[in-house]
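Here, each number is a calculation from the coordinates, and none is a lab measurement. Here the structure is a predicted model, which means the values were calculated and not measured. Here Cβ is always computed from backbone atoms with ideal geometry, including for glycine, and neighbour counts include all displayed protein chains.
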Amino acid sequence: MRVLLVEDDVLLGDGLAAGLRDAGLGVDWVRDGVAAEAALAAEQFAALILDLGLPRRDGLSVLSRLRQAGNSIPVLILTARDQVADKIGALDLGADDYVVKPFDLDEVAARLRALVRRAHGRAQAVLEHGDLRLDPAGRSLTQAGVPVAVTPREFNLLQLLLENSGRVLTRRVLEEQLYSWGEAVESNALEVHIHHLRRKLGGDLIRTVRGVGYMMERG
Ligand code: CA
């Protein structure tokens with residue numbers, strides 16, 4: 001799951017980005033509202049973490065313009081304790097949730113997972129498909145009750161496919177969700193991850209849709 005973090009405070013942004021990466025999320029970080037809009041226009045993110053007090057364009061304007069443009073990406077607002085009016089304003093403008101600074105990193109990660117889950121129309125935290133069970137919070141994967149060892153990238157790829165089961169995911173969408181900016185991506189990296197997942201979980205689990213991408217049938 002790849003998220004966009006918009007925070008101008010360097011210390012806070014650095015800590016948050018590192019903590020969320022440790023929790024298994026892909027994080028791209030920008031420091032002002034204009035850069036945030038450019039990133040959102042160019043790439044697909046699973047969620048947006050948005051500070052309100054930002055240079056060049058403030059968080060409330062970014063949020064308002066985003067919703068006016070019909071973008072329904074889940075948005076988690078970062079607010080200071082004394083910004084009650086801003087918090088209410090943000091929720092009224094279409095923010096999905098907020099956390100108050102200083103916040104707990106585990107709480108931010110958990111709230112993000114819940115937002116993305118709701119955006120996919122799921123109430124359950126654990127993803128199941130046949131005898132496969134993937135727990136995004138615990139970062140664990142089992143098949144028929146037996147733990148399966150996968151790399152963090154394989155885990156994220158499988159999570160994406162499970163979250164979108166019944167839908168074809170294009171190569172472009174998968175690569176955008178799996179890799180952050182500036183990461184060197186080998187042209188066949190995606191195929192290699194799919195190959196490894198099939199070897200570990202069974203060859204017929206993930207379908208290749210020739211010339212388009214990959215999908216899993218509904219579980
Ligand atoms: Ca700020």
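A few notes on this one:
- Filter result for Leu190 (out of contact with any strand residue (DSSP E or B) (no Cβ under 7 Å at 6 or more places or on another chain) and crowded, with 16+ Cβ neighbours inside 10 Å): yes
- Selected residue (criterion: surrounded by the fewest Cβ atoms within 10 Å (Cβ to Cβ)) from residues of region 40-77 that are more than 16 Å from the ligand (Cβ to nearest atom), under 18 Å from the mean Cα position of the chain (by Cα) and not aliphatic (A, V, I, L, M): Ser72
- Yes/no for Ala137 being small (Gly, Ala, Ser), within 15 Å of the chain's Cα centre (by Cα) and closer than 27 Å to Ala17 by Cβ: yes
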